[in-house]
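S.K.: Quick one: structure below, then a few questions.
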Amino acid sequence: MTVRKFIESIWIDAASLVIISILYIVPFVFIFLTAAKTPAEAALFQFSWPSQFHLFSNIREVMMFGDKRMLLAFWNSALLTVGSVTLIVFFGAFGAFVMQRRGDRVASVASAIMLAGLIIPPAVVPTIFTLQWLGIYKTVFGLIMVEVAFQLPFAVIVLRAFMASIPRELDEAAIMDGASPLRVFFTIILPLLWPAIVTVIVVSAVFIYNDFTLPLYFLPGSQNVTVQLTLYSFMSQFSSKWNLLFADVVIITIPPLIMFMFFQRQIVAGMTTGAIKG
Amino acid sequence: MTSNMQSRAVLRTYPYWFYLPAAIVFGVFFLVPTGLSFYFSLTRWSLFDATFIGFDNYITFLEDPMLMSGLRNTVIYAVLTMGLKVIIALPLAMLLTSIIRLKGLLRSILFFPTLVSTIAIGITFAALMQPSAGLINTVLGSLGLPQPDWLGNPRLALYSVALVDVWRGIGIATVIFIAGISSIPQDYFEVARLEGGTWVKFRHVILPLCRNATFTVILLAFIGGLRSFDLIWAMTRGGPGFASDVLTSVIFKEYQAGFYGLSTAGNVVLFILVTIIIYPLMRFFNRMEIEL
């Protein structure tokens, strides 16, 4: 590499870093700065250093607000996320296993239906009607069912694609030894499917944790808030306390940030493979 | 053991009842409500009783300027966000697959907003777009540029929200393009390098050979755009007036007002819109797909 070329390439690096940082880091810095301000300062919406640093007391105030509603929201969100993701993984892996191994007409019909599930938006009031009829409207369980229904297609597509790379000879050997379907699935398939399962877990977890629309419709009422709904209700309750609203943003962004630091590779892989062969 | 018996033993290992858990949940909570929506959209509905009124809800839809502008805005929003995501993310992906040293870091920075709550992003940008003291207008003002009221101007609000949507979606689009470009065999780039510069590489290698990734980005962005709700709701609630209402926000407003039949008709309109746009597009893309 010549000196000129080296300088040229450094120049591209520097320029891209500056532009992308301004566009993509500044909004997050703004969140952080506003969350540390006093109510009066935050209401100015200025991008400035807080005159007094109140981040931790603001966070504490948000956590204590309304009889510790934030804690209830975190509990509900955790229940929702863990419950949904568990079911998505098992139901999705069961389906993807038979779908890929048989590859018959039923499997192609099933995969067409899964594709429709990725595209078609939820029918809001008829879903409420169905939940009410089953007596699970306004319950976390009911919401879990809806989230599972809407995330299953993604899981099935990712898992089925990966299933193709697990050699059939492995199942056949076990079958010759007289293993039952469940045994084949749990002792052979599931462990080998693990990399794809991690991808499904991480991507669905982030998606469901961040979901706003489905909880808004199917889990209304202040007893049942999820963390995303707290943002929505704080928007009206904290109308003059932007510092607290942004402190709430800081708090609820921490879990996905942690996921991102540990699982970035799986998330990117999941979102691209799931997408490209969708 | 004969091979016939053997293959039957193998098939028994892949029993249809493995579909059951997924089929029940998907059937009850997705297929049934979707099917019901066609019927209930033809009724005046209070959840407890439904009166059949034929196509009245759809006629209301066609005659109400607010509902129709919601339909138009949905299409504008989806086309605009999809187009901008493709136009911006493809060159970015080229940049991030070239020799640039910081590509890992830059890719992470671009991708992170994908994982942040849409409502949080909406709140943040509503503050940044605040007309007098907001950061965006402060910067524009100091450069001597006009300072629009991003979310308060009815002619601008929808586009302002669309820009934030693009900001958020660039990361995932770029990552898909990067996967597409990385799957192109290196030889093609060699030839392009000998034949000419970056333009040749873009026009004759990346554009045709990363077609599958382009199709994916278009489809994902289009579906997302047509169904988009949270960001619009967090930033403008469809306002000012009805200026930035889209079908999903209309569905929500009608639901809140207790017009369940009308809300469901909105759902069916969205269903039809998504299907008539996405399904032919998918068929077309499938035919055009290339194997590398």
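S.K.: Please verify whether region B:89-99 includes one or more residues that are at pLDDT 90 or above and over 30 Å from B:G197 (Cβ atoms).
M.R.: no
S.K.: For region A:233-250, enumerate the residues that are within 11 Å of chain B (Cβ to nearest Cβ) and either surrounded by 20 or more Cβ atoms within 10 Å (Cβ to Cβ) or in contact with a helix residue (DSSP H, G or I) (Cβ under 6 Å, 6 or more places away or on another chain) (or both).
M.R.: Within region A:233-250, A:F234, A:F238, A:W242, A:L245, A:F246, A:D248, A:V249, A:V250 qualify.
S.K.: If you scan region A:190-215, which residues turn out to be hydroxyl-bearing (S, T, Y) and away from chain B (no Cβ under 12 Å)?
M.R.: Result: A:T199, A:S204.
S.K.: Looking only at region A:216-228, which residues are surrounded by 23 or more Cβ atoms within 10 Å (Cβ to Cβ) and within 11 Å of another protein chain (Cβ to nearest Cβ)?
M.R.: Scanning region A:216-228 gives A:F218, A:T226, A:V227, A:Q228.
S.K.: Among the helices (runs of 4 or more DSSP H) confined wholly to region A:195-278, which include 1 or more residues that are modelled with pLDDT under 90?
M.R.: A:227-237, A:242-276
S.K.: Among the listed residues A:L44, A:L23, which satisfies the condition of being over 26 Å from the mean Cα position of the chain (by Cα) and aliphatic (A, V, I, L, M)?
M.R.: Exactly one residue qualifies, and that residue is A:L44.
S.K.: Mind checking whether some residue in region A:62-72 is out of contact with any strand residue (DSSP E or B) (no Cβ under 6 Å at 6 or more places or on another chain), within 8 Å of another protein chain (Cβ to nearest Cβ) and in contact (Cβ under 8 Å) with a residue 60 or more places away in the chain?
M.R.: No, region A:62-72 contains no residue that is out of contact with any strand residue (DSSP E or B) (no Cβ under 6 Å at 6 or more places or on another chain), within 8 Å of another protein chain (Cβ to nearest Cβ) and in contact (Cβ under 8 Å) with a residue 60 or more places away in the chain.
S.K.: Somewhere in region A:46-60, is a residue at pLDDT below 95, in contact with a Leu (Cβ under 8 Å, 6 or more places away or on another chain) and part of a helix (DSSP H, G or I)?
M.R.: Within region A:46-60, one or more residues are at pLDDT below 95, in contact with a Leu (Cβ under 8 Å, 6 or more places away or on another chain) and part of a helix (DSSP H, G or I).
S.K.: Moving on to the next point. Which count do you get for residues in region A:65-98 that are under 26 Å from the mean Cα position of the chain (by Cα) and over 30 Å from A:A164 (Cβ atoms)?
M.R.: Of the residues in region A:65-98, 14 are under 26 Å from the mean Cα position of the chain (by Cα) and over 30 Å from A:A164 (Cβ atoms).
S.K.: Could you run through region B:172-188 and say how many residues are over 30 Å from B:S69 (Cα atoms) and touching a helix residue (DSSP H, G or I) at 6+ places or on another chain (Cβ under 6 Å)?
M.R.: Residues flagged as over 30 Å from B:S69 (Cα atoms) and touching a helix residue (DSSP H, G or I) at 6+ places or on another chain (Cβ under 6 Å) within region B:172-188 amount to 10.
S.K.: Okay, moving on. Filter region A:116-157 down to residues that are over 22 Å from A:L79 (Cα atoms) and more than 8 Å from chain B (Cβ to nearest Cβ) and give me whichever is surrounded by the fewest Cβ atoms within 10 Å (Cβ to Cβ).
M.R.: The selected residue is A:W133.
S.K.: Suppose we filter B:L207, B:L220 for residues that are outside any loop (DSSP other than H, G, I, E, B) and at pLDDT 85 or above; which single one remains?
M.R.: B:L220
S.K.: Also, quick follow-up: Considering (1) within 14 Å of chain B (Cβ to nearest Cβ); (2) in a helix (DSSP H, G or I), say which one A:N76 fails and leave the rest.
M.R.: Status for A:N76: all satisfied but (1).
S.K.: Oh, and also: Taking A:A93 as the residue in question, decide whether it is part of a helix (DSSP H, G or I), surrounded by 22 or more Cβ atoms within 10 Å (Cβ to Cβ), more than 7 Å from every other protein chain (Cβ to nearest Cβ) and not β-branched (V, I, T).
M.R.: Here the answer is yes, as A:A93 does meet what is asked.
S.K.: Check whether at least one residue in region B:269-284 is at the interface with chain A (Cβ under 8 Å from one of its Cβ atoms), in contact with a Leu (Cβ under 6 Å, 6 or more places away or on another chain) and either at pLDDT 90 or above or assigned to a helix (DSSP H, G or I) (or both), and report yes or no.
M.R.: Yes - at least one qualifying residue is present in region B:269-284.
S.K.: Scanning region B:12-27 for residues that are more than 7 Å from chain A (Cβ to nearest Cβ) and among the hydrophobic types (A, V, I, L, M, F, W, C), which turns out surrounded by the fewest Cβ atoms within 10 Å (Cβ to Cβ)?
M.R.: Within region B:12-27, the match that is surrounded by the fewest Cβ atoms within 10 Å (Cβ to Cβ) is B:W17.
S.K.: Moving on. Determine which single condition A:G103 fails, assuming it passes every other condition in (1) within 12 Å of chain B (Cβ to nearest Cβ); (2) over 22 Å from B:V32 (Cα atoms); (3) buried (at least 22 other Cβ atoms within 10 Å of the Cβ).
M.R.: (3)
S.K.: Do we find a residue being among the acidic types (D, E) and surrounded by 15 or more Cβ atoms within 10 Å (Cβ to Cβ) anywhere in region A:40-47?
M.R.: yes
S.K.: Here is a list: B:L92, B:L42. Which entry is touching a Gly at 6+ places or on another chain (Cβ under 9 Å), surrounded by 13 or more Cβ atoms within 10 Å (Cβ to Cβ) and either more than 11 Å from chain A (Cβ to nearest Cβ) or farther than 30 Å from A:A110 by Cβ (or both)?
M.R.: Going through B:L92, B:L42 in turn, the sole match is B:L42.
S.K.: Oh, and also: If you go through region B:192-231, how many residues are surrounded by 13 or more Cβ atoms within 10 Å (Cβ to Cβ), of a type outside the set (K, R) and over 30 Å from A:T213 (Cβ atoms)?
M.R.: So the answer is 9.
S.K.: So, in region B:122-132, of the ones that are more than 8 Å from chain A (Cβ to nearest Cβ) and in contact (Cβ under 8 Å) with a residue 24 or more places away in the chain, which residue ends up surrounded by the fewest Cβ atoms within 10 Å (Cβ to Cβ)?
M.R.: It comes out as B:A126.
The values are calculated or read from the model by the stated rules, or taken from the named source; none is laboratory data. This structure is a prediction, so every number in the text was calculated from the model and none was measured. All Cβ positions, even for glycine, are placed from backbone atoms using ideal geometry, and neighbour counts span all protein chains on display.
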